[in-house]
Amino acid sequence: MVKAPRRYDATGRQRQALTTRRRVLQTAGQLFVECGYAATTIATIAERAGVSQQLVYVAFESKRRLLKAVVDTTIAGDDAPVPLLRRPRILAMRRETDPHRKLAMFGAYLREANARVGPVMRMLRGAADADPDARELHATLEGQRRTGMGVMAGDLAAVGGLQEHLDVQAAADIAWTLASPVLYVMLVEDRGWSGERYERWVTEQLSAALLRSD
């Protein structure tokens with residue numbers, strides 16, 4: 001009796017590869033924040049993560065691409081291939097028609113997102129002066145963040161929530177400033193604010209600066 005050839009099951013290997021990738025990303029993120037981007041080498045990341053340097057290069061190609069992957073994962077909160085604007089929490093925020101509730105939802109989101117992103121963005125801003133890769137990535141991310149604030153400001157305008165003297169671009173600039181991840185780090189990590197206090201403050205500031213009083 002001839003046995004049928006065994007099918008190759010790649011599920012286990014794929015799961016192991018994903019676990020290893022996540023470990024490298026987590027390790028790289030910790031080292032970038034603790035030691036700085038310039039001082040952190042692929043060799044150090046590989047040693048701390050318990051993998052070979054070759055594996056890191058195969059997975060990410062370069063330290064710059066690894067940094068970008070760290071930032072992208074940190075912003076999203078996971079490595080699922082779903083654009084930020086299509087994630088359920090953001091979609092729910094965009095569907096909300098009451099401007100005050102919309103900004104309350106946004107404030108809660110900022111509290112969680114900036115807790116993840118803030119240390120990385122401050123590291124990037126500090127590295128940008130001396131490192132071209134960090135400078136380029138920092139500029140790209142701030143541009144993307146400004147675009148996201150434009151979407152939020154446009155949604156507020158669409159439901160009649162913006163103050164009469166504000167256009168969408170000015171409102172987006174204000175939101176981009178107040179929602180800065182670095183500002184979160186300054187208040188929470190440097191000045192010892194609680195997450196609850198930050199959430200309340202940023203929601204109040206955004207509401208006062210953007211929303212109609214009626």
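Some notes on this structure:
- The residue of the range 50-86 that is farthest from the chain's Cα centre (by Cα), among those that are over 23 Å from residue 135 (Cβ atoms) and small (Gly, Ala, Ser), is 52.
- Of the helices (runs of 4 or more DSSP H) entirely within the range 1-117, those holding at least 1 residues that are surrounded by 15 or more Cβ atoms within 10 Å (Cβ to Cβ) and modelled with pLDDT under 85 occupy 63-76.
- Residue 164 falls short on exactly one of the conditions (1) part of a helix (DSSP H, G or I); (2) in contact (Cβ under 8 Å) with a residue 40 or more places away in the chain; (3) acidic (Asp, Glu), and that condition is (1).
- Contact map, the range 123-140: residues that are assigned to a helix (DSSP H, G or I) paired with residues that are among the aromatic types (Phe, Trp, Tyr) and surrounded by 13 or more Cβ atoms within 10 Å (Cβ to Cβ), Cβ distance under 7 Å, separation 6+ or inter-chain. Pairs shown: 123/32; 123/37; 127/37; 134/37.
- Every residue from the range 160-181 that is surrounded by fewer than 17 Cβ atoms within 10 Å (Cβ to Cβ) and modelled with pLDDT under 95: 160, 164, 165
- Checked against the criterion of being assigned by TED's automatic domain parsing to the domain that holds residue 213, charged (D, E, K, R) and within 20 Å of the chain's Cα centre (by Cα), the candidates 112, 96 yield just one match: 112.
The values are calculated or read from the model by the stated rules, or taken from the named source; none is laboratory data. From a predicted model like this one, the values you see are computed outputs, not experimental measurements. Heads up, the Cβs are rebuilt from the backbone with ideal geometry, glycines too, and the neighbour counts pull from every protein chain shown.
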